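Written below as structure tokens is the structure these notes are about.
The values are calculated or read from the model by the stated rules, or taken from the named source; none is laboratory data. Note that the coordinates shown come from a computational prediction; the quantities given were computed from them, not determined experimentally. Cβ sites come from the backbone with ideal geometry, for glycine too, and all protein chains shown count toward neighbours.
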Amino acid sequence: TDPARIRNFCIIAHIDHGKSTLADRMLQITGTVSDRDMRAQYLDNMDIERERGITIKSQAVRMHWALPDPDTGEVGDYALNMIDTPGHVDFSYEVSRSLAACEGAILLVDAAQGIEAQTLANLYLAMENDLEIIPVLNKIDLPAADPERVAREIADLIGGDPEDILKVSGKTGAGVEELLDRVVERIPAPVGDKDAPARAMIFDSVYDPYRGVVTYVRMVDGRLTPREKILMMSTRAEHEALEIGVSSPGPTPTKGLAVGEVGYLITGVKDVRQSKVGDTVTTKLKPADDALPGYTDPKPMVFSGLYPIDGSDYPVLREALDKLKLSDAALQYEPETSVALGFGFRCGFLGLLHLEIISERLRREFDLDLIATAPSVVYQVTREDGVEVTVTNPSEYPDGKIAAVREPMVRTAILAPKEYVGTIMELCQSRRGSLLGMEYLGERVELRYAMPLGEIVFDFFDHLKSRTQGYASLDYEPMGDQEAELVKVDILLQGDKVDAFSAIVHKDNAYHYGTMMTERLRKLIPRQQFEVPIQAAIGARVIARENIRAIRKDVLAKCYGGDISRKRKLLEKQKEGKKRMKMVGRVEVPQEAFIAALSGD
Ligand code: GDP
Ligand code: MG
């Protein structure tokens, strides 16, 4: 295709503002998917995605749209490549690569809701990538829609005349044809050097059990053809392009990809880490000198231990993680053992949603019952002798004197109706946030805070939602490390550490964490033949203590020797319980108690 006849765009929107529905209508109106084959949320193909209404993996689809030339009147056929971006902050690197594959973006805003935090975050990313922005109001069919107000909000934000903002309904299809016209008119055609060595940017790679890894690319310069030897510039790995094609919407092989085109390539590799998002593909015969800018390795931000509740499931868990890793380059894991929980894996995730998605998939696709330890972030600990240690697990925290601890910080943007300003500020301050700025957008306010990521992974979003009746939205991006007064709190049973409960917390919160955990465990751990102290300690200093009193009587004494069936039941119950008992020193604890203490109930 002549680059002048190509338009590459994406839709950026806050979750639930109607991106998938609008994409459906575009596929239908352009005839890419026939009415007969149409089903809701056509491009969202993972089960969890559908159920939770989120897009996890981006996809690219090619549509055709005819439009007369404004000067000559001659009707031109345009190839519109729609690149679906993941909407969530955990995947912001993938979002940024999808945006880099486009020249323009549809900024979709629910006309009943207005601008939200993810709208803003993605809009800023799109502007950094110099994309042409087409603002669009969606859901104008809703009685609660207030297009005038929301149009003013948008115009205040990005400039322009509120009157010019398109009004559509992804549900009814109203306004969608005009929107397609506008995509052609307003979004610039891609430019590149067709004679230069090939350079294609990978903006997504997906594992397909039948075809292996499918790599989605945007051609920037030159051309890629099937059967050619290709080279991944970050790893220098060589592959053969077995198949090259475009999605329209099903995979359709082509004779190659040229400047400005968006498509996929299949090399037969089985592991997405061979085909990394952000990397540049070139050819072996005539390789490019420089890779395209912007490549970075996915870096896990949040770590948690995943343990099978039934210890015999451990091999299944290992196999399941091996499988998931094929399709998820950001997932990391290594074996770990815990006194309280047995054998499991320490896993690294991009963020909390990523953690949730992976544990959900393990439960659902592999039928595993799992317990996750409290999420932890990555700390840089400098010992007194100057040695630096990276700590992703509180149990690795060095003993002895510490010179300094650095923790990851994030720039947080919170958007909420302005009556909630007070309660949000209070919450952010209690989480060690420092205010960076505040701006009013009509009836709403955007608050920007610098906050430790460790405070956010700990139920921050739940608190934010409940304080604002669900109206606040949150987004964040990394902003480097910062020194903080952090300590490790250990929990001890009769003097023995229970590893899964160690936590790295700010020194002002240490006492709270200690009393909460010791109290919780006292209620959950059954009485033993002897008294058991439960302590919280920082190093050798005990900061909280509870006692489990010793039992005096035999459990069977209650039965007066009379009721045989009750006696048998008790014995059976005890036997059953024994199977799942964990020994911490001399103390016998049912695994359920640890699990309950970790899940906070
Ligand atoms: P996404 O999260 O941005 O992909 O949003 P979806 O496309 O999944 O839409 C979220 C919800 O809004 C769904 O229940 C849709 O049926 C509904 N929705 C989407 N577009 C419209 C619209 O134009 N009008 C109305 N009334 N509802 C819509
Ligand atoms: Mg969606």
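Would you mention how many residues in segment 394-418 are under 16 Å from Phe345 (Cα atoms) and crowded, with 21+ Cβ neighbours inside 10 Å? Show your work before the answer.
Taking segment 394-418 and keeping what is under 16 Å from Phe345 (Cα atoms), we get 394-396.
Narrowing the set further to residues that are crowded, with 21+ Cβ neighbours inside 10 Å leaves 394.
Residues in segment 394-418 being under 16 Å from Phe345 (Cα atoms) and crowded, with 21+ Cβ neighbours inside 10 Å: 1 in total.
Here Pro300, Pro253, Pro315 are screened, and the one residue that is touching a Cys at 6+ places or on another chain (Cβ under 9 Å) and either closer than 25 Å to Asp208 by Cα or aromatic (Phe, Trp, Tyr) (or both) is Pro300. Filtering segment 118-139 for residues that are within 11 Å of ligand 1 (Cβ to nearest atom), touching a Ser or Thr at 6+ places or on another chain (Cβ under 9 Å) and closer than 22 Å to Gly173 by Cβ leaves a non-empty set.
Mind checking which residues of segment 279-300 are in a loop (DSSP other than H, G, I, E, B) and crowded, with 22+ Cβ neighbours inside 10 Å?
If we filter segment 279-300 for residues that are in a loop (DSSP other than H, G, I, E, B), which is where we start, we get 279, 284-300.
Correct list: Asp279 only.
Checking each residue of segment 141-154 against the condition of being in contact with an Asp or Glu (Cβ under 7 Å, 6 or more places away or on another chain) and not in a loop (DSSP other than H, G, I, E, B) gives no match. The condition of being surrounded by 15 or more Cβ atoms within 10 Å (Cβ to Cβ), in contact with a His (Cβ under 8 Å, 6 or more places away or on another chain) and of a type in the set (A, V, I, L, M) holds for only one of Ile266, Ile230, Ile187, that being Ile230. Within segment 419-447, the only residue that satisfies the criterion of being in contact (Cβ under 8 Å) with a residue 24 or more places away in the chain, surrounded by fewer than 16 Cβ atoms within 10 Å (Cβ to Cβ) and under 26 Å from the mean Cα position of the chain (by Cα) is Leu436.
Would you check if Gly495 is free of Cβ contacts under 8 Å to residues at least 12 places away in the same chain and either on the phi > 0 side of the Ramachandran plot or touching a strand residue (DSSP E or B) at 6+ places or on another chain (Cβ under 9 Å) (or both)?
Values: free of Cβ contacts under 8 Å to residues at least 12 places away in the same chain: no; either on the phi > 0 side of the Ramachandran plot or touching a strand residue (DSSP E or B) at 6+ places or on another chain (Cβ under 9 Å) (or both): yes.
Judged against the criteria, Gly495 is not a match.
Out of Ala105, Ala144, Ala100, Ala66, I need the residue that is within 16 Å of ligand 2 (Cβ to nearest atom) and either closer than 30 Å to Gly245 by Cβ or more than 25 Å from the chain's Cα centre (by Cα) (or both). Which one? Going through Ala105, Ala144, Ala100, Ala66 in turn, the sole match is Ala105.
Filter segment 336-371 down to the residues that are of a type in the set (A, V, I, L, M) and within 24 Å of Ile491 (Cα to Cα), then identify the one that is modelled with the highest pLDDT. The residue in question is Leu370.
Give the residue, chosen from Ala404, Ala372, that is over 25 Å from Gln482 (Cβ atoms) and not β-branched (Val, Ile, Thr).
Working: Ala404 fails: over 25 Å from Gln482 (Cβ atoms).
Being over 25 Å from Gln482 (Cβ atoms) and not β-branched (Val, Ile, Thr) holds for just one of Ala404, Ala372, which is Ala372.
Look at (1) crowded, with 24+ Cβ neighbours inside 10 Å; (2) within 14 Å of ligand 1 (Cβ to nearest atom); (3) not hydrophobic (A, V, I, L, M, F, W, C) and you find that Pro86 fails only one, number (1). Looking across segment 468-504, the residues that are among the charged types (D, E, K, R) and part of a strand (DSSP E or B) come down to Asp475, Glu477, Asp481, Glu483, Lys488, Asp490, Asp496, Lys497.
The rows are residues; the columns are (1) away from ligand 1 (no atom under 16 Å from the Cβ); (2) buried (at least 16 other Cβ atoms within 10 Å of the Cβ); (3) at pLDDT 90 or above.
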| residue | (1), (2), (3) |
| --- | --- |
| Met38 | no, no, no |
| Tyr42 | no, yes, no |
| Asn45 | no, no, no |
| Glu49 | no, yes, no |
| Gly53 | no, no, no |
| Ile56 | no, yes, no |
| Met63 | yes, yes, yes |
| Pro70 | yes, no, no |
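Which condition number in (1) on the phi > 0 side of the Ramachandran plot; (2) under 26 Å from the mean Cα position of the chain (by Cα) is the one that Ala450 fails? So Ala450 meets the others, but not (1).
For segment 206-235, a residue qualifies if it is over 28 Å from the mean Cα position of the chain (by Cα) and at positive phi, and the qualifying residues are Gly222, Arg227. Looking across Tyr124, Tyr216, one residue alone is under 28 Å from Pro298 (Cα atoms), in a helix (DSSP H, G or I) and out of contact with any Gly (no Cβ under 7 Å at 6 or more places or on another chain). It is Tyr124.
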